Amino acid sequence: MNGREGSPSLEVSRRGGSLVVTASGTWSLRASASRAKGMEKAGDSVFAALSSPESGIPLQKLELRAENLEAWDSSLLALFAEFSGRAEQAGLETDYTSLPEGMAALLDLAGAKRKRRQGTPAGGKKNAAEAESLLELIGGKTLAVPGVALSALNFIGEVSASFARLCMGRAAVNARDVWRIFRQCGVDALAIVSLTSLLLGLILAFVSALQLRAFGAEIYVSALVSVSMVRVMGPVLTGIVLAGRTGASFAAIIGSMQANEEVDALVTFGLDPVDFLVLPRVLGLALMTPLLTVYADVMGILGGFLVGTLMMDISPSAYWENTLANMSLSQIWIGLLHALVFGFVVSVTGCYQGLKAGRNVEAVGQATTAAVVNSIVGIIVSTSIITIMFTAVSL
């Protein structure tokens, strides 16, 4: 369908098994408005040819062309994308080779997005989870490890640089946000830490009593509970509780902000997201975890004290004397070092997963899950490293 020079024109022709659609003239929203009805009729003819070809030769391909095209915008792209979608539904191949390079690239992108939306990967390939074997999946994950490690180290470097800016008074940190995060990481976690630590102390006392009773050494239940709680169990339990409670919260909050483009808004306003979002959370959890660990140690020792005095007939004075005799200051400092490392690991992991989350709800959920899993793995690994280090120097 042709028109006067300069106006948008669309011509539909049949060449064997190919349906050729040729656009020419000036295609813009303003220029094509005067001929909208004419273009609509031409589009209808293309759709009719795609759905029920008149010739005896079946259609195999839709060929899109642009000849003597003076200018074009999204109006032509939208029309060609609609033709391509109808051709795809009819099982036809679409040929973009005769179109300008920029237009062909945009139409390819639109076609790939349409296929992803329909659940079919671009190119008609199988889903990645179906196409890859177990070995391929393991290999892909293994090859991705260096990149993930480099990204994590880069993020730790950004946090360190942000802390340096804070020390120099140049970090964009809101003092009220810092105190609010301190409360969320500390006071708000007292209830769950109290319950878990008290029950852990009870369990340790019960289990150790079963073995020590055979040797008549029930009094050493106090030493076992106090040393294990102060040195390792208290910090590890506190770190795991905070990983599931606070680390997941960090990932969910920052991930939601990422999905809602609030992080991009901070960058637009000239605020560093690491300064504004990450640094207060890292400082809050790293400083509050040792304090919560001391509280968890006390509650765990109290749980062992209840078992020892109420169920094993150990006098309270003997229990406390044996506890203090076997617990040294170095063990307390080792436990606090564990707690400081755990607080840093949990906070950095939660914030990192939140910032790298995708732009949808599912991605936020995946980031939250990854934050908890990676935090717990980091706690176990760092515990092993610290324990080996202090064992090597006889501490």
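The values are calculated or read from the model by the stated rules, or taken from the named source; none is laboratory data. Model, not experiment: these values are computed from the prediction. Positions of Cβ are generated from backbone atoms using ideal geometry, with glycine treated the same way; all protein chains shown enter the neighbour counts. What goes into the accessible areas is simple: the full protein's heavy atoms, side chains included, and nothing from ligands, DNA or RNA. Shrake-Rupley method; radii C 1.70, N 1.55, O 1.52, S 1.80 Å.
General remarks:
- Accessible surface of VAL267 - all protein chains present, 1.4 Å probe, nearest 10 Å²: 90
- Dipole moment magnitude, nearest 20 debye, the chain about Cα centre, only Lys, Arg, Asp, Glu C-beta charged: 200
- What the Cα convex hull of the range 130-207 gives, in volume per residue, is 246 Å³.
- DSSP beta bridges confined to the chain are antiparallel in about 40 percent of cases.
- Normalised by residue count, the chain yields a Cα convex hull volume of 230 Å³ per residue.
- Within the chain, helix-based [θ] at 222 nm, where runs of 4 or more DSSP H residues each add -39,500 (n - 2.57), nearest 500: -22000 deg cm²/dmol
- The figure for GLU93 is an accessible area of roughly 120 square angstrom, using a 1.4 Å probe on the protein chains alone.
- Peptides ranked, highest mean first, by Cβ atoms within 10 Å: ranges 182-190, 315-323: 182-190, 315-323
- Packing order of peptides 197-209, 240-252, highest average first: 240-252, 197-209 (average count of other Cβ atoms within 10 Å over each peptide's residues).
- Surface share of carbon and sulfur [accessible, 1.4 angstrom probe, percent] for the chain: 63
- Rounded accessible area of LEU285 (nearest 10 Å², 1.4 Å probe): 0
- For the set LEU76, LEU340, LEU150, the ranking by accessible area, highest first and with no ligand, DNA or RNA atoms included, is LEU150, LEU340, LEU76 under a 1.4 Å probe.
- Gain on full extension, evaluated as 0.36 nm per residue between ALA71 and ALA217 minus their Cα-Cα distance, stands at 43.3 nm.
- Burial order of peptide ranges 104-110, 351-357 (average beta-carbon count within 10 Å, highest first): 351-357, 104-110
- Ligands, DNA and RNA are left out, and with a 1.4 angstrom probe the accessible area of the chain is 53 Å² per residue.
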